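S.K.: Mind looking over this structure? Questions follow.
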Amino acid sequence: MAKDTGFTSMAGPQAEGEIPQIGVGMLGYAFMGKAHTNAYKKIPHMMYPPPAVPRLVGIAGRNETAVAAAAKRYGYENYYTSWQAMLANDSIHLFDNGGPNDAHAEPCIAAAAAGKHVFCEKPLARTAEEAKTMLDAVNKAGVKHMVAFNYRFVPAIRQAYELIQSGALGRIYHFRAAYLQEWVMPHFGTPMIWRLDKETAGSGALGDLGAHIIDLGRYLVGEITAVSAMTRTFIPERPFADGSGTGKVTVDDAFVSTVAFANGAIGTLEATRFAAGRKNHEVLEINGEKGSIRFNLERMNELEVYWVDDTPNTTQGFHNVLISEPHHPWWENWWPQGHIIGWEHTFVHEITHLLDCIVNDKPVSPIGADFEDGFKTAVVCDAILQSAATKRQVDIVY
C-alpha cells in the first residue's frame with residue numbers, strides 16, 4: 001500500500017504512477033522570494049521526474065500592494081499580509097521563510113507546530129540561543145527542516161565534497177575561505193537598512209556572508225572546535241533613506257577569524273562588504289596530503305585541482321576542471337557539456353532535495369543543511385563575535 005503523504009497527486013512516470021503535489025507558502029517576495037519561486041517553477045520540468053510538484057499556494061508580506069503584485073507576477077494562488085493567516089491554509093504543506101532575520105524564529109516555530117515542513121533562509125537565527133528554539137520546535141513537531149545554505153548545491157562544491165569523502169585528498173591540513181562584497185562602501189551611498197541593525201540582523205558581514213563559508217567549512221572539512229577573531233565597523237552611522245536623520249550601525253562590516261577543526265585541520269575565514277571591486281567573490285581552498293582544491297563562486301562551474309602524485313604534471317600547478325560532464329552532480333538534468341548553469345540553479349537542486357526528503361522520508365543532512373546545521377553555524381558565529389569582543393580564543397561548545 002502506498003504511504004499516505006497527505007498531499008494531492010498528479011499523473012506522472014513514477015513507480016506508483018503518481019507525483020505528489022506539495023503546497024508552498026512563501027514569506028517574503030523580494031530577493032530570496034524571487035530566487036526560491038524561480039526554483040519551484042523550474043523543478044517540475046527540469047528535475048524530471050520530480051519527487052513532487054510544488055504548488056504555489058500562498059505568499060505573504062507586510063505591504064499589500066507589493067505582495068499582491070508579487071502573487072500575480074509569480075503565480076501564487078493567494079496573497080496575505082499576515083503570515084499567521086497564510087499558515088492557517090491547510091493546503092500549505094511547506095513553509096518557505098525568506099523574511100529578514102528577525103522574522104525567522106516565530107513564523108518557523110509556528111509553522112512547525114502546525115505540522116508544516118520548514119525551509120528557512122540563512123542565517124537560521126540572529127543568535128545561537130534563538131536558533132536552538134527553532135531546532136527544538138522542528139524536532140518536537142517531527143517535520144522536515146532545511147536552512148538555505150544553497151552553496152552546498154553548486155555542482156563543483158558537491159564534487160569537492162565527494163572527493164573529500166572518498167579519501168582522495170587524504171588527511172586535510174587547511175581550509176581557507178573568503179566571502180567578499182562591496183555594496184555598503186561609501187561611494188554606493190547605502191542608507192541605514194535592516195542588515196546594518198543588530199536587533200534585526202543579528203550580525204553584519206558575519207551572518208550575511210560568513211555564515212555561508214562557516215557552513216561550507218563544516219560541510220567539507222568537519223566540525224569547528226575553536227575560533228580566534230577580529231571584527232570592524234568602518235562606518236558607525238548612516239543616514240536613513242527617508243532623510244529623517246541618521247542611525248547607528250550596530251553590526252560588523254567585516255571579520256577575520258582563524259579556526260580549528262576536530263580532525264586537526266586549521267583554517268581562516270574572512271568576510272566583508274567593503275572589498276572594492278568584489279561583487280560576489282566567495283572563494284575557498286582546501287589542502288590535503290594528496291592534493292588541493294580551489295573554488296571561486298564567480299566561476300562556479302569550475303573546480304581547480306592539484307594532485308601530489310599526478311606525474312609528470314606535479315610541477316605544473318593546479319588544473320582547471322569544468323564541472324559540466326553528465327557524471328557530475330545534477331548535470332544529467334541540464335545541458336550538454338560546457339553549456340553553463342548559473343547561481344539560480346543551486347536553489348533548484350536544493351529545493352528538489354528537500355522535496356525528496358519530504359516525500360520519501362529521507363534525512364536532509366548531510367547533503368543539505370538542516371536546522372541542526374543552522375544552529376551549529378550560529379554557535380560558531382556567536383563565538384567569533386565573543387572572540388572579537390574579548391580578544392581571546394573561544395572554544396566551541398554545541
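S.K.: In the stretch 309-398, how does Rg compare with the Kirkwood Rh, expressed as the Rg/Rh ratio over alpha carbon atoms? Don't jump to the answer; show the numbers that get you there.
M.R.: Numbers: Rg = 19.8 Å, Rh = 17.3 Å.
Looking at the stretch 309-398, the ratio lands at 1.14.
S.K.: With unit charges on the beta carbons (Lys and Arg positive, Asp and Glu negative) and the dipole taken about the Cα centre of the stretch 8-149, which residue among VAL24, ALA112, ALA88 sits farthest to the positive side?
M.R.: VAL24
S.K.: Exposed loop GluC sites (Glu not before Pro) only (DSSP loop, at most 11 other Cβ atoms within 10 Å): please give the longest stretch of the chain free of them, not including the sites.
M.R.: 17-288
S.K.: Treating only the Cβ of Lys, Arg, Asp and Glu as charged (+1, +1, -1, -1), what charge dipole size does the chain show about its Cα centre? Round to the nearest 20 debye.
M.R.: So the dipole magnitude of the chain works out to roughly 500 debye.
S.K.: Right, next: Taking R0 as 35 Å, what's the FRET efficiency between SER82 and TRP183 from their Cβ-Cβ distance, rounded to 0.05?
M.R.: Details: r = 31 Å, r/R0 = 0.89.
The calculated FRET efficiency here is 0.65.
S.K.: Can you tell me the alpha carbon radius of gyration of the stretch 192-328 divided by the globular rule-of-thumb value 2.2 N^0.38 Å? Before the final figure, lay out each step's value.
M.R.: Working: Rg = 19.0 Å, N = 137, 2.2 N^0.38 = 14.3 Å.
Output field value: 1.33.
S.K.: In what order do PHE95, PHE274, PHE375 fall by count of nearby beta-carbon atoms within 10 Å, going from fewest to most? Working shown, then result.
M.R.: Working: PHE95 28, PHE274 18, PHE375 22.
In increasing order of surrounding Cβ atoms, one gets PHE274, PHE375, PHE95.
S.K.: Modelled label-to-label distance, ASN320 and ASN139, 7 Å Cα→beta-carbon offset: nm?
M.R.: The two pseudo-label positions are separated by 4.6 nm.
S.K.: At each listed q (0.17 Å⁻¹), what is the log10 of I(q)/I(0) that the Debye formula gives for the stretch 58-114 modelled as equal alpha-carbon point scatterers?
M.R.: -0.52
S.K.: Applying a 10 Å radius around every beta-carbon, put 81-88, 132-139 in order of their mean neighbour count, most first. Each step should come with its number before you reach the end.
M.R.: Details: 81-88: 16.4, 132-139: 18.9.
The most tightly packed comes first, giving 132-139, 81-88.
S.K.: With Cβ to Cβ distances under 15 Å as the rule, what net charge do the other residues near SER292 carry (K, R +1; D, E -1)?
M.R.: -2
S.K.: Please state, to two decimals, what the Cα-based radius of gyration of the stretch 8-149 comes to when divided by 2.2 N^0.38 Å (N = residues).
M.R.: Working: Rg = 14.9 Å, N = 142, 2.2 N^0.38 = 14.5 Å.
Its radius of gyration relative to the 2.2 N^0.38 Å reference: 1.03.
S.K.: What residue among HIS187, THR200, ALA70 has its Cα farthest toward the positive end of the dipole of the chain, where the charges are +1 on Lys, Arg and -1 on Asp, Glu, each on the Cβ?
M.R.: HIS187
S.K.: Also: In the structure shown, do any of LYS34/LYS279; LYS144/LYS362; LYS122/LYS391; LYS34/LYS132 have a Cα-Cα gap over 18 Å, and if so which?
M.R.: Working: LYS34/LYS279 20 Å; LYS144/LYS362 9 Å; LYS122/LYS391 27 Å; LYS34/LYS132 28 Å.
Result: LYS34/LYS279; LYS122/LYS391; LYS34/LYS132 exceed 18 Å.
S.K.: Taking only the alpha-carbon atoms of the chain, what semi-axes of the equivalent ellipsoid follow from 5 times the gyration tensor eigenvalues under a square root, in whole Å, largest first? Each step should come with its number before you reach the end.
M.R.: On the way: eigenvalues 208, 168, 79 Å².
Rounded to whole Å, the semi-axes are 32, 29, 20.
S.K.: Quick one: if the Förster radius is 45 Å, what FRET efficiency do ALA30 and ASP310 give, using the C-beta to C-beta distance and rounding to 0.05? Can you show the working numbers first?
M.R.: Values: r = 46 Å, r/R0 = 1.02.
E(calc), rounded to 0.05, equals 0.45.
S.K.: Where does each of ASP96, ASP309 land when they are ranked from fewest to most other beta-carbon atoms within 10 angstrom? Numbers along the way, then the final one.
M.R.: Details: ASP96 30, ASP309 8.
Going from sparsest to densest Cβ surroundings: ASP309, ASP96.
Read the figures in this text as sums done on the coordinates, not as results from a lab. From a predicted model like this one, the values you see are computed outputs, not experimental measurements. Cβ atoms come from the backbone with ideal geometry, glycine included; neighbour counts cover every protein chain shown.
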